[in-house]
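The values are calculated or read from the model by the stated rules, or taken from the named source; none is laboratory data. Since this is a predicted model, take the numbers as computed values, not measurements. Here the Cβ is made from the backbone with ideal geometry for all residues, glycine too, and neighbour counts use every protein chain on show.
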Amino acid sequence: MSAVPQFANDPERAIREMTTRIEPELIAVRRDLHAHPELAFEEVRTAGVVARELARLGIPHQTGVGRTGVVGLIEGGRPGPVLAIRADLDALPIEERTGLTFASTKPGLMHACGHDIHTTTLLGIGAVLKELAPRLAGSVKLVFQPAEETLGGARAMIADGVLEAPNVDMAIGFHNMPNLPVGRFTYVRGAAMAAADAFDLIIHGKSGHAAYPETTVDPIVAAGAFIGQVQTVVSREVSALHPVVVTIGAIHGGTVRNIIPDEVLLRGSVRTLHASARAAAENGIRRLCVGLEAGMRVRCALDYVHGVPPLTSDPDLLDRTVASVRAQLGDVIAEEAPSMGSEDFALFAERVKSFHVRVGSSQPGREDRLHNSAYQPDEACIAAGVQALARAAVDLLS
């Protein structure tokens, strides 16, 4: 008997058996993607693989959404809401040092964040849901997003109408986590990941000979003062219960030791979980610039850019998805603390009810981390993610 007739009475078995059947094919696709990583908005080959697999599955799809994104649509047998499930496509500018037989063939590029795992997982979800489509009340959009690492892909896809025609009612995102064993999942209530803002500050002074500093206005000294003072925004202007991370990641100024330069460039990031802390951090940085001008005679040119907001899950969608994961796989999902990392799935969550789940991907005996040149997720996490999220889709569209 095929899986679909069993579905009404035994969705757990139907999804499990279908996933087991396609798992070897999914692993083969993942290894192909891993060997051919592509950076943000350059995922042409990756998008081609996705389009090929969707076509093979008989899933209608659109390419070129958000430049290099792909969107597949599975229509259920009855009317109902539209659920989007999103995976990201892009790799990182990291030289791979895993020694795997399917390691990156592109020097200086690597899937060190597991987006090859995500893409393959969503293809597996699509394969399962395509078979179960006659039983669904509603539709599923499979959203393969470019440029998550640069936090630009979600915005580009939204601008191209990914949440429209048909209008998306709810969305689920996911990410592999090497600190969790395969088969385990976690979630966060409320703000799960941080807002990510950025700033460039050019401090303009007056150049001159290092022997005669009184004839200059030294922007390097002013930059040092700013770097020290900006941490008071964290320690003295925001509640200790509202985490803030302000980081100066780059500083450029001067060329030789005996010339005071005309200017110094600082580049920084600000990460927050709460709107009040986000506003306080920006206001504090702007005020420090004004004080720097008055106290140290420099001129400050601040370019402050609002990036993605905090990623906040809808409580009802969270509870329903967690219940589905447990129904499919048992008591394998638990609550954990928020992360100060950022994720542009937050832009989806600003617009529709959303939930972001973390999927365990660690291999026994390894202590891997994301964005590391030796990262080796356990490929068994693909099947675990397929089962969990396919079941969530079935239950949400039942």
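List the strands (runs of 3 or more DSSP E) inside region 296-393, counting only whole elements, that have at least 2 residues being touching a Pro at 6+ places or on another chain (Cβ under 6 Å).
353-362
So which pairs qualify, if the first residue must be in region 299-310 and at pLDDT 95 or above, the second must be in a strand (DSSP E or B) and charged (D, E, K, R), the Cβ gap must be under 8 Å, and the two must be at least 6 apart or on different chains?
Going by the 8 Å Cβ cut-off, the qualifying pairs are 302/200; 303/200; 304/197; 305/197; 306/197; 307/197.
Considering only residues that are among the β-branched types (Val, Ile, Thr), modelled with pLDDT of 95 or more and in contact with a helix residue (DSSP H, G or I) (Cβ under 9 Å, 6 or more places away or on another chain), look in region 1-47 and name the one that is nearest to residue 108 (Cα to Cα).
Once the filter is applied, the top-ranked residue is 46.
Test residue 314 against the stated conditions and say whether it is within 22 Å of the chain's Cα centre (by Cα), charged (D, E, K, R) and modelled with pLDDT of 95 or more.
Here the answer is yes, as residue 314 does meet what is asked.
Can you name the number of the only condition in (1) buried (at least 17 other Cβ atoms within 10 Å of the Cβ); (2) assigned to a loop (DSSP other than H, G, I, E, B) that residue 86 fails?
Just one mismatch for residue 86, condition (2).
For a quick check of your reading: which strands (runs of 3 or more DSSP E) sit entirely within region 177-292 and have at least 1 residues that are more than 29 Å from residue 315 (Cβ to Cβ), of a type in the set (Phe, Trp, Tyr) and not assigned by TED's automatic domain parsing to the domain that holds residue 371?
Filter on region 177-292 gives 195-204.
Is it the case, given these coordinates, that residue 98 is assigned by TED's automatic domain parsing to the domain that holds residue 172 and under 20 Å from residue 49 (Cβ atoms)?
Criteria not met by residue 98.
May I ask you to list the residues in region 142-167 that are surrounded by 19 or more Cβ atoms within 10 Å (Cβ to Cβ) and within 20 Å of residue 54 (Cα to Cα)?
Selection gives 142, 143, 144, 145, 146, 157, 162, 163.
Please verify whether region 21-32 includes one or more residues that are in contact (Cβ under 8 Å) with a residue 60 or more places away in the chain, assigned to a loop (DSSP other than H, G, I, E, B) and either in contact with a Pro (Cβ under 9 Å, 6 or more places away or on another chain) or over 18 Å from residue 152 (Cβ atoms) (or both).
no
Please go through region 191-231 and pick out each residue that is of a type outside the set (Asp, Glu) and under 29 Å from the mean Cα position of the chain (by Cα).
191, 192, 193, 194, 195, 196, 198, 199, 201, 227, 230, 231, listed by residue number.
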